[in-house]
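The values are calculated or read from the model by the stated rules, or taken from the named source; none is laboratory data. Being a predicted model, the structure only gives us computed values, none of them experimental. All Cβ positions, even for glycine, are placed from backbone atoms using ideal geometry, and neighbour counts span all protein chains on display.
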Amino acid sequence: MRKLSLSLLIVLVCKTTTSLAWGKVGHNMVAEIALTYLNKGVKDSVQKYLGTMTFQEASTWMDDVRSDHSFDYMKTWHYADVEKDKTYVRREEEDAVNEIEKSIQELTNKSKLSKEKINTDLKLLFHLIGDLHQPLHCGYASDKGGNDIKMDFNGKPTNLHSIWDSRIIESRLTDVQKGVTDLCKSLTPEDIKKYEKIDVIEWYKESRGNLFIVYDYPTAGINDEYITKSLPIIEKQLMVAGLRLASVLNETFKK
């Protein structure tokens, strides 16, 4: 397992000014992990369709274009919220689950697609697979995936969603980087095979299954105890997202 570049992550943190999805740091980590597990021929093919865009840039493209209102139709694609007492069922709404499955299906038959469409589908997968593994992107509709839960973090006003997107990662960057690297090093062939299975609904259920810890926050504000119990989930979800992104690309671009 190639070690993720701590210096790169520090630079990314310094450039992060907003909190979207995993934040730039998290999404770039997912892309770095996927890059490590891609087959050589697949890596070259994917890069060909991305053109001059790096894997890291592809992972944040959907957030980067949010300020462009011509992309407003993508707003609901970043998440798939349902109420607390409900389970996700397939629906016609344009959400993260449907858009991931749609892009996978299209790339499976990419000989029928234009280069521009392949490029777009790749950028969607790079980002949305990361999004789906942030538990609050599979959260409760009643509080907009934690966005309506206001609280302080290190003395600054924010919300629960933002804390999970980037605040914890940025505050414990070295710990997260080491934790993700150690998890990757500990993977057995059986582990990798398990994570290679492409089942977007199951990915969603796994991610949502972490919400009981996400919502177990102290009423007085986020403290070290809460961060400590949250870190293993964040680290695992980042790692698994990277492995699954690699699996999707290896499958859809295999020779």
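The set of residues in the range 91-111 that are within 17 Å of Asp199 (Cβ to Cβ) and either surrounded by 12 or more Cβ atoms within 10 Å (Cβ to Cβ) or touching a residue at least 60 places away in the same chain (Cβ under 8 Å) (or both) comprises Asp95, Ala96, Val97, Asn98, Glu99, Ile100, Glu101, Lys102, Ser103, Ile104, Leu107, Thr108.
Listed conditions (1) within 15 Å of the chain's Cα centre (by Cα); (2) polar (S, T, N, Q); (3) surrounded by fewer than 20 Cβ atoms within 10 Å (Cβ to Cβ) are all met by Ser207, apart from (3).
In the set (1) in a loop (DSSP other than H, G, I, E, B); (2) charged (D, E, K, R); (3) buried (at least 24 other Cβ atoms within 10 Å of the Cβ), the condition left unmet by Asp131 is number (1). Those helices (runs of 4 or more DSSP H) of the range 198-254 in which at least 2 residues are farther than 21 Å from His78 by Cβ, considering only elements entirely within it, cover 211-214, 224-252.
Among the listed residues Asp148, Asp152, identify the single one that is more than 22 Å from Asn28 (Cα to Cα), outside any helix (DSSP H, G or I) and at pLDDT 95 or above. Step through it out loud before you land on a result.
Details: Asp152 fails: at pLDDT 95 or above.
Result: Asp148 is the single residue among Asp148, Asp152 that is more than 22 Å from Asn28 (Cα to Cα), outside any helix (DSSP H, G or I) and at pLDDT 95 or above.
Here's the yes/no breakdown for (1) farther than 16 Å from Asn28 by Cα; (2) part of a helix (DSSP H, G or I); (3) in contact (Cβ under 8 Å) with a residue 60 or more places away in the chain:
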| residue | (1), (2), (3) |
| --- | --- |
| Trp164 | no, yes, yes |
| Ile169 | no, yes, yes |
| Val176 | no, yes, yes |
| Ile192 | yes, yes, yes |
| Tyr195 | yes, yes, no |
